[in-house]
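Visitor: Dropping a structure here in structure tokens format, bear with me for questions.
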Amino acid sequence: MVERLQEALKGATVVDLDGSLLSGNSMHVFMKRLPGMLMKRRSPGAAISALWQTWLRSMHVINHSSMKWHLTQIARRHLQDSDWEDLAETIVQSINPHVRDLVESRRKLGCLTYIATAAIEEYTFPLCRILGYEGAIATRFTDDKAEYEEMKGSAKLENIEQLLAKENLRLESFITDHPDDIPTAKAYPNLTVVVNPTQKTADQFREVGVTRYLICE
């Protein structure tokens, strides 16, 4: 009975974004482009605020999560849907062809594809649509900064498992590059593929039973 149920479930590939599906970091693109995007929307004060938050982060006055929350708040107030689409079009240019090919090979076998990332929803969702993937799990903005939580670590694992249950999916592959995803890798060690790990990262994943790596040259 259980075997028949497993066979009925659709397979799913879940892939991390920054450093995995992308060769670069989408947040860096967002940080660099946001002031110019705000100026085009005739919001110079907002552009200055965005630069101020980036400077505070560069001086280690605020942490990464705090900067991300403030930049997202500023962008949500002033940008339009077309701006997020344009940003996603820029970000997709840094896709890692090796990871893309791995994902596409799974899609040819019938697997659905989902992005699971600490990147923000605002550009991850349009990026997902551009790539033709089925959906994404990403960091959701909250009006209350105290409730803000990046989609990584145990939170990512919890949301992946909720997605699998809701959509009647079975995980076929989990692709990542970052130790923040060790909770998910620990839950699915035989299904995890680590992209371009350093020796330290490889050792960290090996400790939870992961032995599959994708080296992109």
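The values are calculated or read from the model by the stated rules, or taken from the named source; none is laboratory data. On a predicted model such as this, the values are computed, not experimentally measured, just so you know. Reconstructed Cβ throughout: ideal geometry from the backbone, glycine too, with neighbour counts over all protein chains shown. To get the accessible areas, we keep the full protein, side chains included, count just its heavy atoms, and leave off ligands, DNA and RNA. Shrake-Rupley method; radii C 1.70, N 1.55, O 1.52, S 1.80 Å.
Visitor: By how many nm would the segment from residue 98 to residue 203 grow when fully extended, if each residue of separation counts as 0.36 nm and the alpha-carbon distance is taken off? Let's see the in-between values first.
Guide: On the way: separation 105, 0.36 × 105 = 37.80 nm, distance 2.23 nm.
35.6 nm is the gain from fully extending residue 98 to residue 203.
Visitor: Right, next: Distance check, please: which entries in 68/156; 152/200; 68/145; 68/152; 68/186 exceed 22 angstrom between their Cα atoms? It would help to have the intermediate numbers written out before the result.
Guide: On the way: 68/156 17 Å; 152/200 19 Å; 68/145 11 Å; 68/152 14 Å; 68/186 27 Å.
Long pairs (Cα-Cα over 22 Å): 68/186.
Visitor: Using C-alpha positions alone, give me the convex hull volume of the range 30-188 per residue in cubic angstrom.
Guide: Values: hull volume 20.3 nm³, N = 159.
Taking only Cα atoms, the range 30-188 has a hull volume of 128 Å³ per residue.
Visitor: I've got another one for you. Would you kindly calculate the translational diffusion coefficient of the range 92-163, applying Stokes-Einstein with the Kirkwood radius from alpha carbon pairs, for 10 °C and a viscosity of 1.306 mPa s, and quote it in µm² s⁻¹ without decimals? The partial results should precede the final answer.
Guide: Details: Rh = 13.3 Å.
D = 119 µm²/s.
Visitor: So what is the accessible area of the range 31-70 per residue, in Å², with the probe set to 1.4 Å? Walk me through the numbers before you get to the answer.
Guide: Values: 2500 Å² over 40 residues.
Roughly 62 Å² per residue, with all protein chains present.
Visitor: Sum -39500 (n - 2.57) across every DSSP H segment of at least 4 residues in the chain, then divide by the residue count to get the 222 nm mean residue ellipticity, nearest 500. Don't jump to the answer; show the numbers that get you there.
Guide: Working: 10 runs with 113 residues, N = 217.
Dividing the helical sum by the residues of the chain leaves -16000 deg cm²/dmol.
Visitor: Let me know the charge dipole size of the chain about its Cα centre in debye, to the nearest 20, where only the beta-carbon of Lys, Arg (+1) and Asp, Glu (-1) is charged.
Guide: On the way: 26 positive and 29 negative charges, 80 e Å.
So the magnitude is around 380 debye.
Visitor: Measure off, as a whole percent, the carbon and sulfur share of the 1.4 Å-probe accessible area of the range 48-186, all protein chains present. Display every interim value, and only then the final one.
Guide: Values: 3330 of 6940 Å².
Carbon-and-sulfur percentage of accessible area, whole number: 48.
Visitor: Once you keep just the Cα pairs under 8 angstrom separated by 6 or more residues, what percentage relative contact order results for the chain? List each step's numbers first, then the result.
Guide: Numbers: 320 pairs, mean separation 52.5, N = 217.
Here the relative contact order equals 24 percent.
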